[in-house]
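Comments concern the structure below.
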Amino acid sequence: MKQAIVIGATSGIGRALAERLAAAGWRVGAVGRREALLRELEQTAPANISYVTADITRPEASLAALSELVARLGGMDLCVVCSGTGDLNPALDFALEEPAIATNVRGWTAVVDWAYCWFERRGGGHLAVVTSVGGLRGSGSAPAYNASKAYQINYAEGLRQRAAKTASGVRVMDLRPGLVDTAMAKGDGLFWVMPVGRVVDQMLRAMRRRRRVTVVTRRWRLVAWMLRRLPESLYLKL
């Protein structure tokens, strides 16, 4: 039986991924801040799901908890990192930006480095990070969120370069959703908000096919293509 760690499994995409992997026969280690939700998740498949409570903005405690969970599972073949946060911040209130920086940059980097190094020592493994189409351009309404997702996209590419140069056997995948029907989809007049189930189905398909970068869902690939090519003079007016 293969083992997977899902970091950010209390709700949304992370929870759905944990449930699907467990249903497919994986032993799943679920990680998140809210113990009540993790306990509820564990009860959906107690033979296949274990959990630890960890807040990635506290790296030292989080990494210790992750190591303990891997030992409990008996190993790790896949690590999915989908912890993230962000708020609309038209007033540029730093108190709203700081959690995104602490979670999406500092904490995210700590757990991603931990997973990559674990696989590197083992001689191979699969690291999948959930970034965002938002990371392709800046955002006047949520500057820290989009900027932190751009950081994640570039960091993942750097790890793929490292893996290629060192022949480590570590596969690093960047999963980039558009707007998904979760608590992270904020604001008025949102369009093309995708159901969680459809997004997760396409993510799992991309993992099976070992794709390095995948935008989900398919219609958001068109949006991503347009965002990358739109001149700044036009983008600033959107």
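The values are calculated or read from the model by the stated rules, or taken from the named source; none is laboratory data. Predicted model, so just to flag it, every value in this text is computed and none were measured. All Cβ positions, glycine included, derive from the backbone under ideal geometry; neighbour counts span all protein chains shown.
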Practice prompt. State which residue pairs qualify: first residue within 17 Å of Asp55 (Cα to Cα) and inside segment 9-29, second residue at pLDDT 95 or above and of a type outside the set (A, V, I, L, M, F, W, C) in any location, beta carbons under 6 Å apart, and separation of 6 or more residues or different chains.
Written response: Ala9/Arg15; Ala9/Gly32; Thr10/Gly32; Thr10/Arg34; Gly14/Gly8; Gly29/Ser50
Practice prompt. Kindly establish whether Arg176 is of a type in the set (Lys, Arg), within 30 Å of Lys2 (Cβ to Cβ) and assigned to a loop (DSSP other than H, G, I, E, B).
Written response: no
Worksheet item: In segment 133-172, what residues are of a type outside the set (A, V, I, L, M, F, W, C), in contact with a helix residue (DSSP H, G or I) (Cβ under 8 Å, 6 or more places away or on another chain) and part of a loop (DSSP other than H, G, I, E, B)?
Response: Arg137, Gly138, Ser139, Ser168, Gly169
Discussion item. So Gly107 ticks every box in (1) assigned to a helix (DSSP H, G or I); (2) closer than 18 Å to Ala30 by Cα; (3) in contact with a Gly (Cβ under 6 Å, 6 or more places away or on another chain) but one. Which box is left unticked?
Written reply: (3)
Worksheet, complete the sentence: Per the filter on segment 64-85, residues β-branched (Val, Ile, Thr) and touching a Gly at 6+ places or on another chain (Cβ under 8 Å) are Val70, Val80, Val81
Discussion item. Here are the criteria: (1) buried (at least 16 other Cβ atoms within 10 Å of the Cβ); (2) over 15 Å from the mean Cα position of the chain (by Cα); (3) in a helix (DSSP H, G or I). Tell me which single one Asp87 does not satisfy.
Written reply: (3)
Worksheet, complete the sentence: Matching residues in segment 90-113 (crowded, with 21+ Cβ neighbours inside 10 Å and either of a type in the set (Phe, Trp, Tyr) or more than 23 Å from Ala150 (Cβ to Cβ) (or both)) number 1
Worksheet item: Looking at segment 1-83, what helices (runs of 4 or more DSSP H) fall wholly within it and have at least 1 residues that are at pLDDT 95 or above and within 15 Å of the chain's Cα centre (by Cα)?
Response: 12-23
Fill in: Residues (over 16 Å from Gly125 (Cα atoms), touching a residue at least 40 places away in the same chain (Cβ under 8 Å) and in a helix (DSSP H, G or I)) located in segment 202-216
Met203
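This table checks each residue for (1) among the small types (Gly, Ala, Ser); (2) within 15 Å of Gly8 (Cα to Cα).
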{"residue": "Gly75", "(1), (2)": "yes, no"}
{"residue": "Val80", "(1), (2)": "no, yes"}
{"residue": "Gly84", "(1), (2)": "yes, yes"}
{"residue": "Leu92", "(1), (2)": "no, no"}
{"residue": "Glu120", "(1), (2)": "no, no"}
{"residue": "Val130", "(1), (2)": "no, yes"}
{"residue": "Gly140", "(1), (2)": "yes, no"}
{"residue": "Gly158", "(1), (2)": "yes, no"}
Discussion item. It is to be established whether one or more residues within segment 133-142 are of a type outside the set (Lys, Arg) and surrounded by fewer than 14 Cβ atoms within 10 Å (Cβ to Cβ).
Written reply: yes
Item to complete: Collect the residues in segment 51-95 that are among the aliphatic types (A, V, I, L, M) and free of Cβ contacts under 8 Å to residues at least 12 places away in the same chain, keeping them in residue-number order.
Response: Ala61, Ala64, Ala71, Ala91, Ala95
Discussion item. Which pairs turn up if I take residues in segment 217-238 that are within 23 Å of Val196 (Cβ to Cβ) and in a loop (DSSP other than H, G, I, E, B) and look for partners that are modelled with pLDDT of 90 or more and among the β-branched types (Val, Ile, Thr) with beta carbon separation below 9 Å, at least 6 apart in sequence or on another chain?
Written reply: Thr217/Val199
